[in-house]
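Novice: After the structure tokens below, expect a handful of questions from me.
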Amino acid sequence: MERKHHYIKILSEYFKAIESGEKTFEVRFNDRNYQVHDILHLQEWTDGEYTGREMEVEVTWLLDNPDYCKEGYVIMAIKNL
């Protein structure tokens, strides 16, 4: 299995919620063909710049059903690595 790595900007409030374990999903426009087992490198972004903080999460489940997702978007279940 080949995992893809995606480097993604994420606002501080969402970064902190994932870091604490409170938020276990990510909603994204699927312009990168996200797949289960991909690694997301979440890079904290605030006031128009990167803070230097980053975390890695794994995509554990993916929902792309148009009955539940806005066109072109996916909902990814994630777990901290």
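The values are calculated or read from the model by the stated rules, or taken from the named source; none is laboratory data. What you see is a predicted model; the values in this text were computed from it and never measured. As a convention, Cβ positions derive from the backbone with ideal geometry for all residues, glycine included, and neighbour counts pool all protein chains shown. Only protein heavy atoms, including side chains, enter the accessible area calculation; ligands, DNA and RNA are left aside. Shrake-Rupley method; radii C 1.70, N 1.55, O 1.52, S 1.80 Å.
Novice: Please go through segment 47-61 and pick out each residue that is open to solvent by less than 60 Å² (accessible area, probe 1.4 Å) and in contact with a Leu (Cβ under 7 Å, 6 or more places away or on another chain).
Specialist: Within segment 47-61, MET55, VAL57, GLU58, VAL59 qualify.
Novice: Continuing with the same structure: List the number of the failed condition for ARG3; all other conditions in (1) surrounded by fewer than 14 Cβ atoms within 10 Å (Cβ to Cβ); (2) at pLDDT 95 or above; (3) of a type in the set (D, E, K, R) hold.
Specialist: Failing condition for ARG3: (2).
Novice: Determine if segment 19-30 includes at least one residue that is surrounded by 13 or more Cβ atoms within 10 Å (Cβ to Cβ) and among the small types (Gly, Ala, Ser).
Specialist: Taking every residue of segment 19-30 in turn, none turns out to be surrounded by 13 or more Cβ atoms within 10 Å (Cβ to Cβ) and among the small types (Gly, Ala, Ser).
Novice: Looking at segment 67-81 only, could you name the residues that are more than 11 Å from the chain's Cα centre (by Cα) and open to solvent by 90 Å² or more (accessible area, probe 1.4 Å)?
Specialist: Within segment 67-81, ASP67, TYR68, LYS70, GLU71, LEU81 meet the criteria.
Novice: Also, quick follow-up: Kindly evaluate ASP64 against the criterion of being surrounded by 10 or more Cβ atoms within 10 Å (Cβ to Cβ) and in contact with a Lys or Arg (Cβ under 8 Å, 6 or more places away or on another chain).
Specialist: When the stated conditions are applied, ASP64 does not pass them.
Novice: Separate question: Looking at VAL36, VAL27, which is the one that is touching a Leu at 6+ places or on another chain (Cβ under 9 Å) and of a type outside the set (S, T, N, Q)?
Specialist: Result: VAL36 is the single residue among VAL36, VAL27 that is touching a Leu at 6+ places or on another chain (Cβ under 9 Å) and of a type outside the set (S, T, N, Q).
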